[in-house]
1. Label-point separation (nm) for Val47 and Arg131, each offset 7 Å from Cα along Cα-to-Cβ?
2. Going through the cross-link list Lys68/Lys110; Lys60/Lys85; Lys132/Lys168; Lys66/Lys109; Lys118/Lys168; Lys85/Lys109, which pairs have a Cα-Cα distance over 20 Å in this structure?
3. Tell me the label-point distance for the pair Lys102, Arg139, using the 7 Å Cα-to-Cβ offset, in nm and rounded to one decimal.
4. Based on the mean of other beta carbon atoms within 10 Å per residue, what is the order of 163-169, 131-137, 88-94, most packed first?
5. On the first, second and third principal axes, largest extent first, how far apart are the outermost C-alpha atoms of the chain in Å?
6. To the nearest 0.05, what FRET efficiency results for Asp120 and Asp81 with a Förster distance of 22 Å applied to their C-beta separation?
7. Charges only on Cβ, +1 for Lys and Arg, -1 for Asp and Glu: so what's the dipole of region 29-180 about the Cα centre, in debye to the nearest 20?
8. With every protein chain kept in place and ligands, DNA and RNA left out, what is the accessible area per residue of region 34-175? Probe 1.4 Å, answer in Å².
Amino acid sequence: MRAAHGLWAALALLLLPAGSRALRDGECEVCVTFLGRFYQSLKDNDVEFTPASIEKELLKSCKEAKGKENRLCYYVGATSDAATKIINEVSKPMSHHIPVEKICEKLKKKDSQICELKYDKQIDLSTADLRKLRVKELRRILDDWGEACKGCAEKSDFIRRIHELMPKYAPRAAGARADL
C-alpha cells in the first residue's frame with residue numbers, strides 16, 4: 001500500500017510542470033531578446049563559434065548597448081565597470097549553440113537580477129499627447145534618440161525639442177501628427 005502511494009507521488013512529480021526551472025513567457029525578456037539578436041549577428045557575420053571569439057564579440061556589442069541591455073551586460077560582466085565576471089556563462093554555452101532561453105535560465109540561477117530586467121514600454125508618438133507625459137518620459141524619448149535638451153528648464157522646452165527632432169527620428173509619427 002505504501003509503495004503504491006509512493007509510486008503515485010513520484011508519478012505526480014514527474015507529470016507536474018517544472019515551474020521554477022523553465023522560463024515563463026515574458027520572463028528574462030531583455031536577456032532573451034539581446035542574446036537572441038547577438039547570436040543572430042554572430043551567424044550573419046560568420047564569426048567562429050569559440051568561447052574566446054564569442055566573448056570578444058559580446059564585449060564589442062556591450063560597448064554599444066544602452067539602457068536595460070547595458071544593465072544586462074553589466075550583470076554578465078561584459079562592461080568595463082562590472083564587479084563580477086560571468087561572461088563565460090554566456091560564451092561557452094553559445095559556442096555549443098545552446099538556445100538563448102536556456103542560457104538565460106542558467107544565468108538566472110547565478111544572478112536573479114538578470115531576469116528582472118524589463119524593457120520600458122514604448123510611447124506611440126503619433127497618438128501620445130506630449131503635454132500629458134511626465135518630464136521623465138519626455139527625457140527618455142530624447143535619450144532613446146541619443147539627444148539632449150540643454151537649457152531645458154520647463155516641460156514646454158522638452159516638448160518643443162521633441163517636436164523639432166521628430167521628423168529626424170520618428171518621421172511617421174511626425175507625419176501623423178501633422179495630419180492631426
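The values are calculated or read from the model by the stated rules, or taken from the named source; none is laboratory data. Just so it is clear, the structure is predicted and the values come from calculations on it, not from any experiment. Reconstructed Cβ throughout: ideal geometry from the backbone, glycine too, with neighbour counts over all protein chains shown. SASA here: full protein model, heavy atoms, side chains in, ligands and nucleic acids out. Shrake-Rupley method; radii C 1.70, N 1.55, O 1.52, S 1.80 Å.
1. Here the modelled spin labels are 4.8 nm apart.
2. Values: Lys68/Lys110 18 Å; Lys60/Lys85 15 Å; Lys132/Lys168 23 Å; Lys66/Lys109 24 Å; Lys118/Lys168 27 Å; Lys85/Lys109 15 Å.
Where the Cα-Cα span goes over 20 Å, the pairs concerned are Lys132/Lys168; Lys66/Lys109; Lys118/Lys168.
3. Going from the Lys102 label point to the Arg139 one covers 4.3 nm.
4. Values: 163-169: 14.1, 131-137: 11.3, 88-94: 19.4.
Packing order, densest peptide first, comes out as 88-94, 163-169, 131-137.
5. Principal extents (largest minus smallest coordinate, Cα): 76, 44, 31 Å.
6. Working: r = 22 Å, r/R0 = 1.00.
Efficiency, rounded to the nearest 0.05: 0.50.
7. Working: 30 positive and 25 negative charges, 82 e Å.
Here region 29-180 has a charge dipole of around 400 debye.
8. Working: 8940 Å² over 142 residues.
Roughly 63 Å² per residue, with all protein chains present.
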